[in-house]
1. Here is a check on your reading of the model: is B:L31 among the hydrophobic types (A, V, I, L, M, F, W, C), at pLDDT 95 or above and surrounded by 14 or more Cβ atoms within 10 Å (Cβ to Cβ)?
2. Go through the residues of the stretch B:1-14 one by one and say whether even a single one is in contact with a helix residue (DSSP H, G or I) (Cβ under 7 Å, 6 or more places away or on another chain), more than 14 Å from chain A (Cβ to nearest Cβ) and of a type outside the set (A, V, I, L, M, F, W, C).
3. Quick test for you: out of A:G358, A:G328, pick the one residue that is at pLDDT 95 or above, surrounded by 13 or more Cβ atoms within 10 Å (Cβ to Cβ), at positive phi and not acidic (D, E).
4. Could you check the stretch A:258-331 for helices (runs of 4 or more DSSP H) lying wholly inside it with 2 or more residues that are more than 18 Å from A:G45 (Cβ to Cβ) and touching a helix residue (DSSP H, G or I) at 6+ places or on another chain (Cβ under 8 Å)?
5. Scan the stretch B:26-43 for residues that are under 18 Å from B:E4 (Cβ atoms) and either within 10 Å of another protein chain (Cβ to nearest Cβ) or not β-branched (V, I, T) (or both) and jot them down.
6. If the requirement is being touching an Asp or Glu at 6+ places or on another chain (Cβ under 9 Å), away from chain B (no Cβ under 14 Å), buried (at least 17 other Cβ atoms within 10 Å of the Cβ) and modelled with pLDDT of 95 or more, which of these qualifies: A:D182, A:D259?
7. Anything in the stretch A:14-37 that is outside any loop (DSSP other than H, G, I, E, B), farther than 29 Å from A:N341 by Cα, in contact (Cβ under 8 Å) with a residue 12 or more places away in the chain and not aliphatic (A, V, I, L, M)? List them, or say none.
8. Quickly run through the stretch B:1-58 and pick out the residues that are free of Cβ contacts under 8 Å to residues at least 12 places away in the same chain and outside any loop (DSSP other than H, G, I, E, B).
Amino acid sequence: MAFFKFNSIRVAGVACAVPKNEVKSETYKSLFGDEEVEKFIEMTGVHASRRTFEHQTCSDLGFRAASELMAHKGIKPEEIGALIFSSHSPDYRRPSTAFVLQYRLGIPKESVCYDISLGCSSLVVGMQTVASIMNSGDISKALLFVGDTAGKSVYPEDRSSAMLFGEAGAVMLLEKTGNPSDEINALIRSDGSGFRYMIIPGGGYRNLHASEEVVMCKDGNPRTLMNSFIQGTSVFTFTIFDVPRLIKDFFELTQTTSDQYDCFAFHQANLYILKQIAKKAKIDFEKMPISLDRYGNTSGASAIVSLCDRYGNDSEKKSVKVMACGFGIGISLGVTSFEINTADILPIFEDDSFYEDGLITDPNQLYQKKNDSQHS
Amino acid sequence: MAMEKLLAILKDIRPDVDFENETELIDNGILDSFDVVSIISEIDDVFDVQIRINELDPENFNSAENICNLITKLKNIENKQ
């Protein structure tokens, strides 16, 4: 049982950013045909998504979100004691992207920074990690970055994924409060038997120089070993059985019921899956903000994107009790609950900037003297 | 009785398909993966039977009779446990 309960720690704010480039699903009709695209839109609910350009990463989007959130909260970089970046879309194969963000944001050396390699469950597992660090250490404020640029690893003619993913970077600020009634709960599960269901088989150290030959796969989609593979039916079945059970167990462990939550910020896998989960877990679908129709499946960032979409311009400034749920690649799944004031949920930012000093196109760039003054 | 319930599920999901007589639902591409997932989800709700990934052999979904046999088999296994 991986159930966690943290007191005196709260979610002090969330923010996210997306690229400006909008890709409408219907533009794929010339590639996949009208019927295929219309069926896809009906099933997944994805009408459009946002895509980064070649050198923009989700850490760039997270950087914008964090800059906005820290300015909004009046927090200085030196107050941050932990920075965790949870994603499958790092800037480099090594080092951890967390260090790049630490440097760009000017967060002090007396902080703990590292990456977690997760996708759609990044928010829940990341919150558990950050809260654990805070709970056992002397850190009072921490930043959790989540997000992916999943579209970059999809073969362009893979009809199972080409239209599905959107790209986003999001950040959550957690802080110690000294108030025991501030509570974060988390229930996490993992099922390694499904590690093949969502995978990029090449490019890791098992097959570092995998062939990039395009192969027609048994599901009728072309891909290379360096592309994302999703076994849709397997993923669907795991989702519709295991996620509702996880949520029901969470209700029991926290002795709460569905009607005690104001908002169910769930990973935006696809609309069909979300409706199935809501039905099976007896959750009011109206309380589940939907962002995938305009932003696509934004992986680990999607719950925050949905929160920012629903409450980002809320003028009521009210406290809302949120259940967040993430599930996907691994297989990893988790659910968490927390309260947040809507005044601390920022609207979605659009950003096309990228960290130019981080783009290494010539190895000799690495031998240049670093300019400590450049944090932009 | 089980077959009647199953046919109701199947017709609700795909009213255009002749489930009483069709025996190559998967092999002939009549049902796609979304249909299969919808059927699995409804079977879970109605029969309280969870068809897991290792049972996703296309043969199990080629006809209403095969699906019904799979439900019966899984029910029997569950009852023995």
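1. Numbers: among the hydrophobic types (A, V, I, L, M, F, W, C): yes; at pLDDT 95 or above: no; surrounded by 14 or more Cβ atoms within 10 Å (Cβ to Cβ): yes.
Here the answer is no, as B:L31 does not meet what is asked.
2. Narrowing the stretch B:1-14 to residues in contact with a helix residue (DSSP H, G or I) (Cβ under 7 Å, 6 or more places away or on another chain): B:2-3, B:5-7, B:9-10, B:13-14.
Narrowing further to those that are more than 14 Å from chain A (Cβ to nearest Cβ): B:2-3, B:5-7, B:9-10.
Filter once more, so that each one left must be of a type outside the set (A, V, I, L, M, F, W, C): B:5.
The answer is yes; a qualifying residue exists.
3. Numbers: A:G358 fails: at positive phi.
Result: A:G328 is the single residue among A:G358, A:G328 that is at pLDDT 95 or above, surrounded by 13 or more Cβ atoms within 10 Å (Cβ to Cβ), at positive phi and not acidic (D, E).
4. Values: elements: A:271-280, A:292-295, A:302-311.
So the answer is A:302-311.
5. Pass one, the stretch B:26-43, residues under 18 Å from B:E4 (Cβ atoms): B:39, B:42-43.
Hit for the stretch B:26-43 is B:E42, nothing else.
6. Working: A:D259 fails: buried (at least 17 other Cβ atoms within 10 Å of the Cβ).
From the options A:D182, A:D259, the qualifying one is A:D182.
7. As a first pass, look at the stretch A:14-37 and keep what is outside any loop (DSSP other than H, G, I, E, B): A:14-18, A:22-32, A:34-37.
Narrowing further to those that are farther than 29 Å from A:N341 by Cα: A:22-32, A:34-37.
Now drop any that are not in contact (Cβ under 8 Å) with a residue 12 or more places away in the chain, which leaves A:22-26, A:28, A:31-32, A:36-37.
Selection gives A:E22, A:K24, A:S25, A:E26, A:Y28, A:F32, A:E36.
8. First pass over the stretch B:1-58, keeping only residues free of Cβ contacts under 8 Å to residues at least 12 places away in the same chain: B:1, B:4, B:8, B:11, B:15-16, B:18, B:21, B:28-29, B:32-34, B:37, B:40-41, B:44-45, B:48, B:52-54, B:57.
Correct list: B:E4, B:A8, B:K11, B:S33, B:F34, B:V37, B:I40, B:S41, B:D44, B:D45, B:I53, B:N54.
The values are calculated or read from the model by the stated rules, or taken from the named source; none is laboratory data. Keep in mind it's a predicted model, so treat the numbers as computed, not measured. A quick note on method: Cβ atoms are made from the backbone with ideal geometry, for glycine too, and the neighbour counts reach across all protein chains shown.
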